[in-house]
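Below is one structure; the comments refer to it alone.
The values are calculated or read from the model by the stated rules, or taken from the named source; none is laboratory data. Quantities reported herein were computed from a predicted structural model and do not represent experimental measurements. FYI the Cβ positions are ideal-geometry reconstructions off the backbone, even for glycines, and counts take in every protein chain you see.
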Amino acid sequence: MNWIKLAITAFRMIIGWHFLYEGISKLLVENWSAASYLANSTGPFSGFYHWMGSSDFLMSVIDPLNVAGLILIGLGLFLGLAVRVSSWSGILLLLLYYFAYPPFGGTFTAGMEGNLFIVNKNLIEAIALAVLIVLPENGWGLHALSFKFKKEKKEEAAASYSRREAIKNLATIPALGVLGIGALRDQKTYGVDALSGATVQIGGVDIKELKKTVPMGKIGPHEISRLVAGGNLIGGWAHSRDLHYVPSLFRAYNTERKIFETLMLLEKTGVNTINIGFPTNELMAKYKKVTGSKIKVISQVHPDMEKNDYYVNIDKAIDFGVDIVQVQGNWCDWLVRDNRLDVIEKMLDRIRTQGYTAGLASHTVDSLMTCEENGIIPDYYMKTMHHDNYWSAHPRENRVPFEVDGKKYADHNRFHDNCFCLFPDKTVEFVERAKVPVMGFKVLAAGAIQPEDGFEWAFRNGADFICVGMFDFQVVQNANVTNDVLDKLQGRTRAWYG
């Protein structure tokens, strides 16, 4: 047994099967297209990929060529036909994938591949094909049969060519059949793998469904989108009532790769701002470094009361490169509740003295009213803003100020992580007289209210911006809803601030 030849054959067939499976997977997906993959490209050559992805004519050529190329390269490598031509073609295709999302920066992430530096799977496979090209031996395959029947080599063939050798060179054909039958059974059981490795169909969303980009407003010197992305879904924090598995589900779905895809999609809809919890700062800094994004980051911060250090997280957020700093809503409520207005005032002053726009958030409107009465006015407010006309809201007469982020009761008549704008009428009254921009959040009551209803209620009742947590498949829809609501908005009496 020629073990070297066997190893080379297996090596070549494994790479070939990968290409072949990629191509067949995409061929079997109805209306599959690489348009979203190209449209969300990053890196120094992204303009080239964006240009291709934006043209219907080019995509009508690129998509079938992509699928055909994968299948033909895969067949050539697996069966051993035109190995060097297949290898060169495979290298070209893999390098196109590589430079669409070049790994020119990143870190290792536990439990997932992450964004590796310089070297990723596409580059490794391209180098493997280069090895096949320079090797003098191509292993067993159909290529070995071609020269046996040339007239000028008849005598040599008769002397050296054996039945056993012929069988070895033909063995790739039944092997292909066995793998193909297994893949077909798997497809019938689990469906087509449309997210195979070399090319990715991002999120199942189509940016072409976007009617127009989201309009802008201003907070301080910053021009930000009227629709702001919320950080809870990305960070894995979820107000989910008694559905305890939901935060884990969010974290499992929103891998680092999925988060980056979602952020890129947000930016394409015109959503240029995200409001995040402090722990997400590191990930956002990485995203901006890797992609060169200019997305504006609003970081929520809280004091370290145990150490009497009110500024530590403000300074850390600034070091992460954020654009706006905001006192976190639950901490504003707790500090007002505990009569520590001095801490809020010092934090806002610290943010401003560092040259940053200072925001103040709250779940309970009483907190902002108390701050206002004591002359503590931020550069903008962030306030929960939703009506309570949904079935899971507990009765208004049983609501207590500051109970959000407090104890959760099993009794439906008490707070159970289900209502975040406890007193909508008082909130509307406060927002109406506010002389700084207001960003409404939890406008959908953590999914209890439809976007068309929640967005309209918040904007009509004075919100200048709304902050909404979104999965990738909700981004385009929410952008369209925002535009539709703003285009048709009636009944707003408060002037637009920002």
Going through segment 343-386 in order, the residues found to be over 34 Å from the mean Cα position of the chain (by Cα), hydrophobic (A, V, I, L, M, F, W, C) and part of a helix (DSSP H, G or I) are VAL343, MET369, CYS371
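May I ask you to verify whether SER46 is of a type outside the set (Lys, Arg) and either surrounded by 16 or more Cβ atoms within 10 Å (Cβ to Cβ) or on the phi > 0 side of the Ramachandran plot (or both)? I'd like the intermediate steps shown before the answer.
Values: of a type outside the set (Lys, Arg): yes; either surrounded by 16 or more Cβ atoms within 10 Å (Cβ to Cβ) or on the phi > 0 side of the Ramachandran plot (or both): yes.
Yes, satisfied.
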Going through (1) in a loop (DSSP other than H, G, I, E, B); (2) modelled with pLDDT of 80 or more; (3) of a type in the set (A, V, I, L, M) one by one, LEU132 fails only at (1)
Given the conditions (1) crowded, with 19+ Cβ neighbours inside 10 Å; (2) not charged (D, E, K, R); (3) not in a helix (DSSP H, G or I), every one holds for LEU81 apart from (1)
Per the filter on segment 5-62, residues in contact (Cβ under 8 Å) with a residue 60 or more places away in the chain, closer than 26 Å to PHE260 by Cα, part of a helix (DSSP H, G or I) and not aromatic (Phe, Trp, Tyr) are HIS18, GLU22, SER25, LYS26, ALA35, SER36, LEU38, ALA39
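Here is a check on your reading of the model: is VAL428 of a type in the set (A, V, I, L, M), within 23 Å of ILE376 (Cα to Cα), in the same structural domain as GLY329 (by TED's automatic domain parsing) and assigned to a loop (DSSP other than H, G, I, E, B)? Show your work before the answer.
On the way: of a type in the set (A, V, I, L, M): yes; within 23 Å of ILE376 (Cα to Cα): yes; in the same structural domain as GLY329 (by TED's automatic domain parsing): yes; assigned to a loop (DSSP other than H, G, I, E, B): no.
Spelling it out, it is not the case that VAL428 is of a type in the set (A, V, I, L, M), within 23 Å of ILE376 (Cα to Cα), in the same structural domain as GLY329 (by TED's automatic domain parsing) and assigned to a loop (DSSP other than H, G, I, E, B).
So which of LYS442, LYS426 is among the basic types (Lys, Arg), surrounded by 21 or more Cβ atoms within 10 Å (Cβ to Cβ), touching a residue at least 12 places away in the same chain (Cβ under 8 Å) and within 23 Å of ASP405 (Cα to Cα)? Outline the logic, then answer.
Working: LYS426 fails: surrounded by 21 or more Cβ atoms within 10 Å (Cβ to Cβ).
Of LYS442, LYS426, the one residue that is among the basic types (Lys, Arg), surrounded by 21 or more Cβ atoms within 10 Å (Cβ to Cβ), touching a residue at least 12 places away in the same chain (Cβ under 8 Å) and within 23 Å of ASP405 (Cα to Cα) is LYS442.
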Residues of segment 270-328 being of a type in the set (Lys, Arg), part of a loop (DSSP other than H, G, I, E, B) and within 22 Å of the chain's Cα centre (by Cα), in sequence order, are LYS294
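Please go through segment 35-62 and pick out each residue that is over 17 Å from the mean Cα position of the chain (by Cα) and at pLDDT below 80. It would help to see each step written out before you state the result.
Here is the first cut: in segment 35-62, the residues over 17 Å from the mean Cα position of the chain (by Cα) are 44-62.
SER54 - this is the single residue of segment 35-62 that is over 17 Å from the mean Cα position of the chain (by Cα) and at pLDDT below 80.
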Notebook entry, point to check: Within segment 459-478, is there a residue that is closer than 16 Å to PRO215 by Cα, of a type in the set (Gly, Ala, Ser) and not in a loop (DSSP other than H, G, I, E, B)?
Noted result: no
Out of (1) in contact with a strand residue (DSSP E or B) (Cβ under 7 Å, 6 or more places away or on another chain); (2) closer than 22 Å to ASN330 by Cβ; (3) not hydroxyl-bearing (Ser, Thr, Tyr), the one GLY220 does not meet is (2)
Exercise for the section: State whether the residues of segment 269-282 include one that is buried (at least 18 other Cβ atoms within 10 Å of the Cβ) and farther than 21 Å from ILE219 by Cβ. Expected result: no
